[in-house]
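Participant: Pasting in a structure now, in structure tokens, and then I'll have a few things to ask.
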Amino acid sequence: MKIGIVGAGKVGSACALAAVVRGSARNIVIVDRTRKRAKAVATDLRYGSPLCPKTEVVDGDYEDLADAALVMITAGINEKAGGATDRNDPQGRLRLLNTNAEIYREIVPRIVGVSPHAVILVVTDPPDPLADIARVSAGHGRILSTGTFLDSLRFRVQLAQHFEVDANQVEAQVVGEHGVSQVFLWSSARIAGVPIGALIRERGEVLETVREQIESSVRYANITIIEGNDASQFGIGIVSARIAEIVLRDERAVLPIGSYNDRFGVTLSLPSIVGRNGVVRILEPEMSPEEERALKRSAAGLKKSEDGI
């Protein structure tokens, strides 16, 4: 099976690296507006590929995406270049929308023209409204946003560090926007079936204090990473490779991922069953009244940003 990656910058390169190391697909095609850069990235990866699961990595143009089962789009202006690294900015990643929407309106029809049946995975920030731009441009609904999958992993990792356990033993999700309005589902967060709130009380801690610390770390993780390394790339690269595997293998895995939601009229993240054609079904998790209200606010903020363009 083949996947395509459009954009060979830091995020696109990280996606390609993760896909090669994990053996996410048998064939990977890297496309970039600068063919020389795409060729350099593909060549570099090819030299290390004998130590990984069998994968053929090549550079190409849009016509080389023909028959791809999934195409990731990572092209566009990033947070640092786009001035979206201010923790006090209520827009957050949404500040990049106008510029990246124009880029998507050019790229998506070219993908659909050569690979009309491919699932399109939106990785560029802000991924949720860009997924709606892609859906309109593509003329079909096989559009995924990486959404809050990475945010949920960050949430799990922060909780695991706090309680000194393996992150794989933590059940916790972030829903809504992949951005500052994201919603943390504390009411359903568990470790070995034990509610996080109960564990915090056992330790003599205050829930609101722990919550504030962890939410801040997760909500602004990208900015913290960018301040030290210019780009938040490796986590999203692994996440994108994993999503590609789920689609290509028709795994029917359940994860918090972005897709168009009729109830809210925008793309946002809720736990969803994902298979060969993208989201098969969106699940509605139990939420506290506070979490429900926060999700509605998150959706309204996304809708407002999209109405603006």
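Participant: Tell me which residues, restricted to segment 158-171, are within 21 Å of the chain's Cα centre (by Cα) and either within 25 Å of L94 (Cα to Cα) or of a type in the set (V, I, T) (or both).
Facilitator: Q158, V170
Participant: Just the residues that are under 17 Å from I133 (Cα atoms), of a type in the set (A, V, I, L, M) and touching a Gly at 6+ places or on another chain (Cβ under 6 Å), please, taken from segment 64-88.
Facilitator: Just the residues of segment 64-88 that are under 17 Å from I133 (Cα atoms), to begin with: 71-77.
Checking the rest, the ones that are also of a type in the set (A, V, I, L, M) come to 71-73, 75, 77.
Answer for segment 64-88, where residues must be under 17 Å from I133 (Cα atoms), of a type in the set (A, V, I, L, M) and touching a Gly at 6+ places or on another chain (Cβ under 6 Å): V71, A75.
Participant: Could we say that A172 is among the aliphatic types (A, V, I, L, M), over 15 Å from V71 (Cβ atoms) and crowded, with 19+ Cβ neighbours inside 10 Å here?
Facilitator: yes
Participant: While we're looking at this one, here's another question. Could you check A14 against (1) buried (at least 21 other Cβ atoms within 10 Å of the Cβ); (2) under 16 Å from A241 (Cα atoms); (3) aliphatic (A, V, I, L, M); (4) touching a Leu at 6+ places or on another chain (Cβ under 9 Å) and say which number it fails?
Facilitator: (4)
Participant: For residues that are among the β-branched types (V, I, T) and out of contact with any strand residue (DSSP E or B) (no Cβ under 6 Å at 6 or more places or on another chain), scanning just segment 64-82, find the one that is surrounded by the most Cβ atoms within 10 Å (Cβ to Cβ).
Facilitator: So the first thing to find is which residues in segment 64-82 are among the β-branched types (V, I, T), and the list is 71, 73-74, 77.
Pick out the ones that are also out of contact with any strand residue (DSSP E or B) (no Cβ under 6 Å at 6 or more places or on another chain) and you get 74, 77.
Numbers: T74: 29, I77: 18.
Result: T74.
Participant: Taking G176, is it at positive phi and in contact (Cβ under 8 Å) with a residue 60 or more places away in the chain?
Facilitator: On the way: at positive phi: yes; in contact (Cβ under 8 Å) with a residue 60 or more places away in the chain: yes.
In short, yes.
Participant: Cβ-Cβ below 6 Å, separation at least six or inter-chain, first residue in segment 132-157 and touching a residue at least 40 places away in the same chain (Cβ under 8 Å), second assigned to a loop (DSSP other than H, G, I, E, B): which pairs?
Facilitator: Partner pairs satisfying both residue conditions: R142/N277; T146/V123; G147/H178; T148/H178; T148/Q182; D151/Q182; S152/Q173; F155/A172.
Participant: Can you go through S288, S269, S298 and tell me which one is among the hydroxyl-bearing types (S, T, Y) and surrounded by fewer than 14 Cβ atoms within 10 Å (Cβ to Cβ)? Lay out the reasoning, then the answer.
Facilitator: Details: S269 fails: surrounded by fewer than 14 Cβ atoms within 10 Å (Cβ to Cβ); S298 fails: surrounded by fewer than 14 Cβ atoms within 10 Å (Cβ to Cβ).
After ruling out the rest, the residue left standing is S288.
Participant: OK, next. Please determine, by comparing only the residues of segment 17-31 that are not in a strand (DSSP E or B) and not basic (K, R), which one is surrounded by the fewest Cβ atoms within 10 Å (Cβ to Cβ). Spell out the reasoning first.
Facilitator: Our first condition is that a residue be not in a strand (DSSP E or B); within segment 17-31, this holds for 17-26.
Cutting the leftovers down to not basic (K, R) gives us 17-21, 23-25.
Values: L17: 21, A18: 21, A19: 27, V20: 23, V21: 18, G23: 14, S24: 27, A25: 26.
Across segment 17-31, the extreme among qualifying residues is G23.
Participant: Regarding A253, is this residue at pLDDT below 95 and closer than 18 Å to D151 by Cα?
Facilitator: Details: at pLDDT below 95: no; closer than 18 Å to D151 by Cα: yes.
So A253 does not fit the description; no.
Participant: With the requirement that a residue be loosely packed, with under 14 Cβ neighbours inside 10 Å, closer than 19 Å to A241 by Cα and not basic (K, R), what does segment 45-57 give you? Spell out how you get there, then give the answer.
Facilitator: First pass over segment 45-57, keeping only residues loosely packed, with under 14 Cβ neighbours inside 10 Å: 47-48, 50-51, 53-54.
Pick out the ones that are also closer than 19 Å to A241 by Cα and you get 48, 50-51, 53-54.
Within segment 45-57, G48, P50, L51, P53 qualify.
Participant: Further question: Working carefully through the options S181, S188, S137, find the one that is surrounded by fewer than 23 Cβ atoms within 10 Å (Cβ to Cβ), among the polar types (S, T, N, Q), at pLDDT 95 or above and out of contact with any helix residue (DSSP H, G or I) (no Cβ under 6 Å at 6 or more places or on another chain).
Facilitator: Details: S181 fails: out of contact with any helix residue (DSSP H, G or I) (no Cβ under 6 Å at 6 or more places or on another chain); S137 fails: out of contact with any helix residue (DSSP H, G or I) (no Cβ under 6 Å at 6 or more places or on another chain).
Going through S181, S188, S137 in turn, just one is surrounded by fewer than 23 Cβ atoms within 10 Å (Cβ to Cβ), among the polar types (S, T, N, Q), at pLDDT 95 or above and out of contact with any helix residue (DSSP H, G or I) (no Cβ under 6 Å at 6 or more places or on another chain): S188.
The values are calculated or read from the model by the stated rules, or taken from the named source; none is laboratory data. These numbers were taken from a predicted model, which means no experiment stands behind them. Cβ atoms come from the backbone with ideal geometry, glycine included; neighbour counts cover every protein chain shown.
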